[in-house]
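Novice: Okay, handing you the structure first.
Where a number appears in this text, it was derived from the coordinates with a stated rule and is not lab data. All figures in this text were calculated on a predicted structure; none of them were measured in a lab. All Cβ positions, glycine included, derive from the backbone under ideal geometry; neighbour counts span all protein chains shown.
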Amino acid sequence: MTFDLFDTDGSFDSFLTVRDQFGTLIALDDDSGPGLDSQIQVAVSSGDILFLEAAGAFGSSGAYALSIVS
């Protein structure tokens with residue numbers, strides 16, 4: 001599964017975190033997508049519960065969108 005967190009207004013440096021149902025860190029990313037966008041690829045099994053945290057890197061803020069592709 002691929003999670004993309006991307007800027008929609010040109011002012012946001014995204015930071016994406018993925019955790020499991022126990023809060024254990026699975027992955028984190030700052031700039032693996034295009035530009036300053038975040039992208040994480042995670043192997044997901046049926047029944048897995050994941051929590052995504054969208055944030056601004058280094059305190060940045062702005063409009064963003066999240067794309068999830070299996």
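Novice: For segment 56-65, just list the computed ³J(HN,Hα) in residue order, Karplus coefficients 6.51, -1.76 and 1.60, θ = phi - 60°, integers in Hz, with x standing in for Gly and Pro.
Specialist: Couplings: x, 5, 6, x, 5, 9, x, 7, 8, 9 Hz.
Novice: Can you divide the C-alpha Rg of segment 17-70 by 2.2 N^0.38 Å and report the result to two decimal places?
Specialist: Ratio of Rg to 2.2 N^0.38 Å for segment 17-70: 1.20.
Novice: Still on this structure, please answer the following. About the Cα centre of the chain, what is the dipole size in debye to 20, counting +1 per Lys and Arg Cβ and -1 per Asp and Glu Cβ, all else neutral?
Specialist: Numbers: 1 positive and 11 negative charges, 42 e Å.
It works out to roughly 200 debye.
Novice: Using a Gaussian network for the chain with springs between C-alpha atoms less than 10 Å apart, which of these wobbles most: Leu28, Leu36, Leu50?
Specialist: Of the options given, Leu50 has the highest mean-square fluctuation.
Novice: Using the charge dipole of the chain (Lys, Arg: +1 at Cβ; Asp, Glu: -1 at Cβ; taken about the Cα centre), state which of Ala65, Gly23, Ser46 has its Cα farthest towards the positive end.
Specialist: Comparing the listed Cα positions along the dipole, Ser46 ranks first.
Novice: Of the residues Ala55, Ala43, Ala27, which exhibits the maximal mean-square fluctuation in a Gaussian network model of the chain defined by a 10 Å Cα contact cut-off?
Specialist: Maximum among the listed residues: Ala43.
Novice: Out of residues 5 or more away from Ser14 or on other chains, whose amide H comes under 5 Å of its own, with H placed 1.01 Å from N in the peptide plane?
Specialist: Those lying under 5 Å, H to H, from Ser14 are Ser38, Ala57.
Novice: In whole angstrom, note down how far apart the Cα centers of segment 1-33 and segment 39-57 are.
Specialist: 8 Å
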